[in-house]
Structure formats: C-alpha cells, structure tokens
Amino acid sequence: MDSIAKLTEMFRKFPGIGPRQARRFAYFLLSADSSYVSSLSTGINSLKKETSVCSDCRRYFAKSDSRPTCAICSDTGRDKTLLTIVSTDVDMDAFEKSGVYEGMYFVLGGYVPLIETDEPEKRIRAGHLTDLIKRRSKDGLSEIIFALSATPEGEHTASFLADYLSKLAEDLNFKITHLGKGLSTGTELEYADSETIKNALKNRE
Ligand SMILES: [Zn+2]
C-alpha cells in the first residue's frame, strides 16, 4: 500500500469521515506547508503523552505531575452535592462552556448500544461511576443529573443507568434527575447552545 492509501485508511477511522473525505485529507497534506505538516505530526505525537484521564470524572486533561484529577474535580469551590453524567468529553465541554453549572461531572465514554449486548455496563464506565458515587456520597452527594443526548441511544443509556443505579440511590440517598425537554428530540448535547443547556438544567425533573 502506498503512503496516500495508507494515510487515507487511517483518516477513515476518524468519526464521521468517509473514504472520499479521507482521501481529500491525504491530498491536502501533500499540498500543505511543510511546517504545518510537521507541527501536525508533533501535535499528534505528544497528544497521548501529554494528556491523562482524570481519576474521578474520567475526562481527558493536560497531564500534571502533581494531581491525578482534572482542574474541575480538584476545584474545592465546586458543588459536590451535584453530579452530572455526560456521554463524552465534547458534551462535557459544551455543558461547562454554558457557565450555568457549578457541580461535578462524570464522563461515561460512550452509550449503551440499542441492540442487545452482553454486559452492557462494560460499554460505559459503570464500575468507575459506582466507585465515584460511593466516594462522593461521603461529601454529601444528593443528586445525579443525566445529561445524555435526546437521541434513541442517549435515552436508552439513561434508562439502563437509572435501573443500574436504583439500588445505590436508595442505599446512599441521592435522587436521579434528567435534563428538561429544552433539548428537543434528536438534539445532541454537543451542538446545544448555552441558553438551551441553561433551560434544560433549570427544568430538570
Ligand atoms: Zn475530573
């Protein structure tokens, strides 16, 4: 396989990228400035080296020698009684950017697929979530907010998790709420604007 074909194959693995776009990316790099290509390549090489997964919320953050947790989880000023569950880092960024939420987060890292699957809890970070909830319970956790996309997969994941956590909610005395209908059907959290997120949070039930 030649370099163009090899790189095209690699770009095809990117989310939402088809074969034609992947090929265009490869040709774009051929015609781009050498300095651009070289900084892109350095950036890709250092991405994993310089990034860690937060031991609490499981989001990616710029690695620090001193802390195992991200800036949000280490911020003592945030409200530890609230825990919002999102599917991806991108959703969390959208939520955080809206500037209306002061609580904590957890990133599931995916969705429970609609088709039946063995051990669906392993498709999301349910084990990590349970551990975190037990720890946060000691800090007064009182509410878990599901902020999953209003898509069939998002709703399926929310109902799976509500079941999965129901016993724990009873034992540790926290409630489970869902974002209000401000997020219209089919809206992905990632694309929601600040005002929509603010209303969805205010109207949670
Ligand atoms: Zn964190």
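Any read-out appearing in this document is the output of simple, stated calculations on the displayed coordinates, not a laboratory observation. Since the model is a prediction, treat every value here as computed from it, not as a measurement. In this analysis, Cβ positions are derived from the backbone assuming ideal geometry, glycine residues included, and neighbour counts consider all displayed protein chains.
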### Query
Between the helical axis of 126-137 and the dominant principal axis of the chain, each derived from Cα atoms, what acute angle in degrees is found, rounded to the nearest 10?
50
### Message
Using +1 at the C-beta of Lys and Arg and -1 at the C-beta of Asp and Glu, which of Phe95, Thr8, Ile85 has the Cα lying farthest in the positive direction of the dipole of the chain?
### Response
Thr8
### Query
Once Rh is set to the Kirkwood radius over Cα pairs, what Stokes-Einstein translational diffusion coefficient, in µm²/s, holds for region 75-205 at a temperature of 4 °C and a viscosity of 1.567 mPa s?
88
### Task
With both partners inside the chain, how many of the DSSP beta bridges are antiparallel, as a percent to the nearest 5?
20
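Let me know the volume per residue of the alpha-carbon convex hull for region 1-142, in Å³.
On the way: hull volume 25.6 nm³, N = 142.
In region 1-142, the Cα convex hull volume per residue is 180 Å³.
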### Message
For region 1-80, what does the convex hull of the Cα positions come to per residue, in cubic angstrom?
### Response
142
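Could you tell me which trypsin sites (Lys or Arg not before Pro) in region 62-168 are loop residues by DSSP with no more than 11 other beta carbons within 10 angstrom of their beta carbon? Display every interim value, and only then the final one.
On the way: sites: Lys63, Arg78, Lys80, Lys97, Lys122, Arg123, Arg125, Lys134, Arg135, Arg136, Lys138, Lys167; in loops: Lys63, Arg78, Arg123, Arg125, Lys138.
Those satisfying the criteria are Lys138.
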### the chain: calculated mean residue ellipticity at 222 nm from DSSP helix runs of at least 4, using -39500 (n - 2.57)
-14000 deg cm²/dmol
### Estimated dipole of the chain in Debye, rounded to 20 [Cβ of Lys and Arg +1, of Asp and Glu -1, Cα centre]
460
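For the cross-link pairs Lys80/Lys175; Lys122/Lys167; Lys63/Lys122; Lys49/Lys138; Lys167/Lys202; Lys80/Lys198, which exceed 23 Å when the distance is taken from alpha carbon to alpha carbon? The partial results should precede the final answer.
Details: Lys80/Lys175 14 Å; Lys122/Lys167 18 Å; Lys63/Lys122 26 Å; Lys49/Lys138 33 Å; Lys167/Lys202 26 Å; Lys80/Lys198 19 Å.
Over 23 Å Cα-Cα: Lys63/Lys122; Lys49/Lys138; Lys167/Lys202.
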